[in-house]
Amino acid sequence: MKIQLKQLFDIVGERKEIDYKIPLDELDGYKAVSFKTPVSINGEVENRAGIVTLKIHVSFVLNHVCDRCLKNFEREYHYDFEHTIVRSSQKEDDEHIVCENMVLDLNELAISDLLLQLPSKILCKEDCKGLCFVCGQNLNEASCECSKS
């Protein structure tokens, strides 16, 4: 979804509500993660005292494979993001989103935010025991005799 920001930049007090979903077919290009549901995005972009701020809540479900025991599972995620949007910037920084053409690609920004927020190690549960290094038994389901020998 692309948001036209000209009116928001020009009129103090202007506000635009955001409530939509990024469909699964648009999420297929992200091979690092497997989306089970569309990404739901809601929030607002507002010009308050000449400062344009974007606040969004993002929720979605991912399919995962546990990094320790290789079990398939699903997990629901909810994240809140806030950005200050500017027309241009004199310096390069990570604090502002620059929209020189006054159009914000919200899909790209939201997906970038959520990918950076995801944990680097995904476990099916916090105390996952993983697999036996010798026989491959999932130690969450049963113990094995390998470590006793």
Based on this model, can you work out whether residue 18 counts as modelled with pLDDT of 90 or more, within 13 Å of the chain's Cα centre (by Cα) and assigned to a strand (DSSP E or B)?
no
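For region 119-136, give me each residue that is surrounded by 14 or more Cβ atoms within 10 Å (Cβ to Cβ) and either of a type in the set (Gly, Ala, Ser) or within 9 Å of the chain's Cα centre (by Cα) (or both).
Narrowing region 119-136 to residues surrounded by 14 or more Cβ atoms within 10 Å (Cβ to Cβ): 122-124, 128-132.
If the condition is that a residue be surrounded by 14 or more Cβ atoms within 10 Å (Cβ to Cβ) and either of a type in the set (Gly, Ala, Ser) or within 9 Å of the chain's Cα centre (by Cα) (or both), then 130 is the only one that fits.
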So, in region 21-53, how many residues would count as being within 13 Å of the chain's Cα centre (by Cα) and either among the β-branched types (Val, Ile, Thr) or at positive phi (or both)?
5
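Going residue by residue through region 59-76, is there one that turns out to be part of a loop (DSSP other than H, G, I, E, B) and touching a Ser or Thr at 6+ places or on another chain (Cβ under 6 Å)?
Taking region 59-76 as the starting set, the residues that turn out to be part of a loop (DSSP other than H, G, I, E, B) are 66-71.
Applying the additional criterion that residues be touching a Ser or Thr at 6+ places or on another chain (Cβ under 6 Å) yields none.
No, because not a single residue in region 59-76 is part of a loop (DSSP other than H, G, I, E, B) and touching a Ser or Thr at 6+ places or on another chain (Cβ under 6 Å).
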Qualifying positions in region 76-96 - touching a residue at least 40 places away in the same chain (Cβ under 8 Å) and surrounded by fewer than 16 Cβ atoms within 10 Å (Cβ to Cβ)
77, 87
Pairs only if they're at least six apart or on different chains, beta carbon under 9 angstrom, first in region 54-71 and on the phi > 0 side of the Ramachandran plot and surrounded by fewer than 17 Cβ atoms within 10 Å (Cβ to Cβ), second of a type outside the set (Phe, Trp, Tyr) and part of a strand (DSSP E or B); list them, first residue then second.
70/131; 70/138
Of (1) closer than 30 Å to residue 136 by Cβ; (2) in a strand (DSSP E or B), residue 85 fails just (1)
Unmet criterion (only one of (1) within 17 Å of residue 108 (Cα to Cα); (2) within 16 Å of the chain's Cα centre (by Cα)) for residue 61:
(1)
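Identify all residues within region 122-146 that are aliphatic (A, V, I, L, M) and either farther than 18 Å from residue 75 by Cα or touching a Gly at 6+ places or on another chain (Cβ under 7 Å) (or both); write none if there are none.
In the first step, residues of region 122-146 are kept if they are aliphatic (A, V, I, L, M); the result is 122-123, 131, 134, 139, 142.
Scanning region 122-146 gives 131, 134, 139, 142.
Looking only at region 24-34, decide whether some residue is touching a residue at least 24 places away in the same chain (Cβ under 8 Å), in a strand (DSSP E or B) and closer than 29 Å to residue 124 by Cβ. Can you show your working first?
To start, the set of residues in region 24-34 that are touching a residue at least 24 places away in the same chain (Cβ under 8 Å) comprises 26-27, 30, 32-34.
Now restrict to residues that are in a strand (DSSP E or B): 34.
Of the ones still in play, those that are also closer than 29 Å to residue 124 by Cβ are 34.
Within region 24-34, one or more residues are touching a residue at least 24 places away in the same chain (Cβ under 8 Å), in a strand (DSSP E or B) and closer than 29 Å to residue 124 by Cβ.
The values are calculated or read from the model by the stated rules, or taken from the named source; none is laboratory data. Keep in mind that what you see is a predicted model, and the values were worked out from it rather than measured. Please note: Cβ atoms are built from the backbone with ideal geometry, for glycine as well, and neighbour counts cover all protein chains shown.
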